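Below is one structure, written out as structure tokens, with a few remarks after it.
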Amino acid sequence: MRCRQLQAGLVPAVAAILLLPACRESSYPQVACQENSRQNLLHLVAQAVPSATLLPCIERLKTGWSYGGSEIRPGFVHFWLDSDRIGVDAVDVTMTGACNVAGETPLPSDEHDAGIRLFEEPIGQHRTVTVHHYVFTGGCVTVLSSFTRQAAPSIYAQAATLLGFSPRSEHVNDVRDETGLSLCGAGAPPCPG
Amino acid sequence: MDGESETSKFAPVAERGVSGKRRRPSGEAPPLPRKLGVSGKLWVGFAAISFAIAVLVVAYASLGHRFDRWNSLFLQRLIALRAGWLNHAMVQVDAVLSSRWTVGVLRLGTMVALVLLRRWRHLLVFLASVVIVEALAYQLSIFVASPRPDGVRIIGSWEGPSFPSPPVAALAVTLVGIVYSLLPPGRPRSRGKWVVGGILLLFAFARLYEAVDHPTDILSGLILGVGIPVVAFRVFTPNDVFPVTYQRGRAAHLDVSGRRGEAIRKAVREQLGLTILEVKPVGLDGSGGSTPLRIRVAARNEDPERFIFAKLYAKSHVRADRSYKFGRAILYGALEDEAPFQSVRRFVEYEDYTLLLLHYLGLPTPTPYGFVEITPEREYMIVMEFFDGAMEIGGAVIDDEVIDEGLLLVRRLWDAGLAHRDIKPANLMVRDGKLLLIDVFFVQVRPSPWRQAVDLANMMLVLALRTDAQRVYRHALKFFSDQEIGEAFAATRGVASPTQLRAALKRDSRDLLSEFRGLAPDRSPVAIQRWSVRRLVLGLSVLVVSGLVVLLVIGNWRVVV
């Protein structure tokens, strides 16, 4: 009897599991600037680009926006946001150790005090998207928005407030205080090995 | 342990029934209890502990920090071994074993092999294990969001959170799946397990050496990647029901040695009061629906030592019957009663009933001895008289008396409102010039006229294989009219004859079917195609479900390979 139940459950279970990979993206914001839980991925972000003195993160998500997912590996951090008006991958954020901003237009930045320089790729290169580069010591964050200021001014204004930066030094201190270990990279003592 | 001492251990004297039979008391295990196995239970336990730790680590940050410290302490000691050449070697080992290409090629190869071997159940369990492990590892890694090790320099490549280690889980489920679906139990599987253990150990060491994973990441990856397929294969493809074997023989046949052999001895002793001396599979080639056995039993009271015949039935036979009837319903419509049996018990109860019925009618069929329970609702064995000294009709001398007996047998079946439905050489025996009929599982009461007619034609064909059409036809006229024989050969085409009979007819240089049709009065063929709404709906449903399965597999191909 027990086996019959197991077998009866096998078909829908397999069907459900086959469908599971379609939901491979995480549905809750794991790179939130304010979230200090163990489930936050900013620690991993810091490990991926150890030279970066700042870590890109998401400020409070406004209505209509949702966290899409992330992809983090050595030297590369990528996460994206979905919008109910623009669609999936409306704002795509990538961090690498460095980037080439030659020929781009420098823009005034609110985060200038934190040592961030903001650049915008010429509109001629992409007519329907906006590409910004945030350059700082040891890192470069590229934000690709699937819209332009002219085409969607209100969305553009909202998106401008979504991205934040978390100082790496705070994470270095947290790891040291909580575990006594070193978060290898900028602002921490060199790691053995 | 001998049989007597085992019985006495479980059964006080007062509990014994007559004739040495014994009723199994409530709570006592059946002869062959279902077992997950010690290691299976261990893996389930490990998985539960692992999941509990993951939840606690997320809920209590301080516990997580403690784990981080222990993990890093271990890694700091391990990286003291680092040396240039070893670094290179370990990075290469990790790169090869964690590559999606490696895992993809292994999985694809396994799937192709399982398809070629037509081991569909193993294929389904393999695929389900892979998808479950991949999905669980991914979801758990997102849930716990564990960073990579701190306090040590990472020299390897990684992606995403570290707990549980997805590459370790992916490789483990693949290799364990290969071991359980392609290697036969016993020495080959045992060796396979050691090889897989060695590979996984090397892989785990490489990843720890590189400091890309914590020890707990590796451990949890192994628990998922090994535990899930081990439990899945043991539950859904137990060795004794779905054996992985490369020997010739039909998949329906069960292994009657080892634990099952002991269980058969115990069941027959306790439920029939007979002591088994020897169990030997017989006639496997002619039997696809069960495992036929010749059993030698010890003398008891007035009965001398003798052989009895038994057929072992398991759930796989019920499934095979269901698939067979489902296929027939699509290919031919409701040609006969295509309602499948719902359980092994019903299956064996039905054969017991037909044996009793034919025995009651005085037909030359085996005397029924009842059936025994091996595993409740999963395995039963029906026991009957063994026609010792009888020879299959294909190898026996066929004289006029045997021909008459064969034809009279069909006449008596007709008169009793029955059809045997499986008249073929393997089911007709000759002993001392007398014809005997075995395998009455397919017997139907009040069958369709078509089926009764087919029984006659099949009997005449079997008899003619060893004689000739004219002679058999002449004898048939003693029991049947011209019209009845004409109807029989108008009804008998293709699927109407059992596979073994069709093969024998094909091997024969004569065209016996045409010869009989030439002798009998002309009659237009009896149609065997039956069209109905049910048949159309079934056919369409199969097409739609097949399409959906193909789409699902294509859609999720990236996850599997």
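Whole-Hz ³J(HN,Hα) for each residue in segment B:468-485, computed from phi via Karplus 6.51 cos²θ - 1.76 cosθ + 1.60 with θ = phi - 60°, x for glycine and proline: what do you get?
Values per residue, Gly and Pro as x: 8, 5, 4, 5, 5, 4, 4, 5, 5, 5, 6, 10, 10, 7, 3, 5, 5, 5 Hz.
Work through the residues other than residue B:334 whose Cβ is under 12 Å from its Cβ and net out their charges, Lys, Arg +1 and Asp, Glu -1.
Its environment carries a net charge of +2.
In µm²/s, what is D for the protein assembly as shown at 10 °C and 1.306 mPa s, where D = kT/(6 pi eta Rh) by Stokes-Einstein and Rh is the Kirkwood radius from Cα pairs?
D, rounded to a whole number, is 50 µm²/s.
For segment B:40-188, what is Rg from Cα atoms divided by 2.2 N^0.38 Å, rounded to two decimals?
In units of the 2.2 N^0.38 Å rule of thumb, it is 1.22.
Can you pull out the trypsin sites (Lys or Arg not before Pro) in segment B:75-176 that DSSP calls coil and that have at most 11 other Cβ atoms within 10 Å?
When the trypsin sites (Lys or Arg not before Pro) of segment B:75-176 are filtered for loop state and at most 11 Cβ neighbours within 10 Å, B:118 remain.
Can you list residues from other chains, or at least 5 along the same chain, whose modelled amide H is less than 5 Å from the amide H of residue B:374?
Hits under the 5 Å cutoff: B:379, B:380, B:381.
Within segment B:461-517, which trypsin sites (Lys or Arg not before Pro) sit in a loop by DSSP and count at most 12 neighbouring Cβ atoms inside 10 Å?
B:478, B:510
Just flag the trypsin sites (Lys or Arg not before Pro) in segment A:105-158 sitting in loop per DSSP whose Cβ has no more than 12 other Cβ atoms within 10 Å.
A:127
Any idea what the relative contact order of segment B:97-255 is, in percent, if you count C-alpha pairs under 8 Å spaced at least 6 apart?
Answer for segment B:97-255 is 31 percent.
Considering the convex hull of the alpha carbon atoms of chain B, report its projected area averaged over all viewing directions, in nm², one decimal.
33.3
Suppose only helical runs count, i.e. DSSP H with n ≥ 4. What mean residue ellipticity at 222 nm does that imply for chain B under -39500 (n - 2.57) per run, divided by all residues and rounded to the nearest 500 deg cm²/dmol?
Calculated at 222 nm, the ellipticity per residue is -18500 deg cm²/dmol.
With a 10 Å Cβ neighbour count serving as the proxy for reagent exposure, in which order, fewest first, do B:163, B:326, B:203, B:242 appear?
Going from least to most buried by this count: B:326, B:242, B:203, B:163.
Once R0 is set to 51 Å, what does the formula 1/(1 + (r/R0)^6) return for the Cβ-Cβ distance between residue B:139 and residue B:321, expressed as a FRET efficiency to the nearest 0.05?
The computed FRET efficiency comes out at 0.85.
Tilt of helix B:258-272 relative to the longest C-alpha principal axis of chain B, in degrees (0 to 90, nearest 10)?
50
Would you mind computing the Rg to Rh ratio of segment B:411-500 from its alpha-carbon coordinates, Kirkwood style for Rh?
0.93
Expressed as an acute angle from 0 to 90° and rounded to the nearest 10, what is the orientation of the C-alpha long axis of helix B:61-78 relative to the principal long axis of chain B?
So the helix axis and the longest Cα principal axis differ by about 80 degrees.
For segment B:359-376, take each phi angle, set θ = phi - 60°, evaluate the Karplus expression 6.51 cos²θ - 1.76 cosθ + 1.60, and give the result in whole Hz per residue in order, putting x for glycine and proline.
Couplings: 5, 5, 7, x, 7, x, 10, x, 6, x, 10, x, 9, 10, 8, 9, 10, x Hz.
Could you work out how far helix B:84-97 tilts from the main Cα principal axis of chain B, as a 0 to 90 degree angle to the nearest 10?
30
So what is the relative contact order of chain B, in percent, for Cα pairs below 8 Å that sit 6 or more residues apart?
Result for chain B is 12 percent.
For a test of the definition: using alpha carbon positions, the gyration tensor, and the 1.5 limit on a/c, classify segment B:371-419 as rounded, prolate or oblate.
Taking the square roots of the gyration eigenvalues as a ≥ b ≥ c, segment B:371-419 is oblate.
Between residue B:85 and residue B:482, 0.36 nm times their residue separation minus their Cα-Cα distance comes to what?
That works out to 133.8 nm of additional length.
Can you classify segment A:31-130 as rounded, prolate or oblate using the Cα gyration tensor, where a ≥ b ≥ c are the square roots of its eigenvalues, rounded means a/c under 1.5, and otherwise it's prolate if a/b beats b/c and oblate if not?
Verdict is oblate for segment A:31-130.
Say a site is exposed when it is one of the GluC sites (Glu not before Pro), sits in a DSSP loop, and has at most 13 other Cβ atoms within 10 Å; what is then the longest site-free stretch of chain B?
B:29-301
All of the numbers you see were taken from the coordinates with simple rules; none came from a lab. Because the structure is a prediction, the values reported are computed rather than measured. Reconstructed Cβ throughout: ideal geometry from the backbone, glycine too, with neighbour counts over all protein chains shown.
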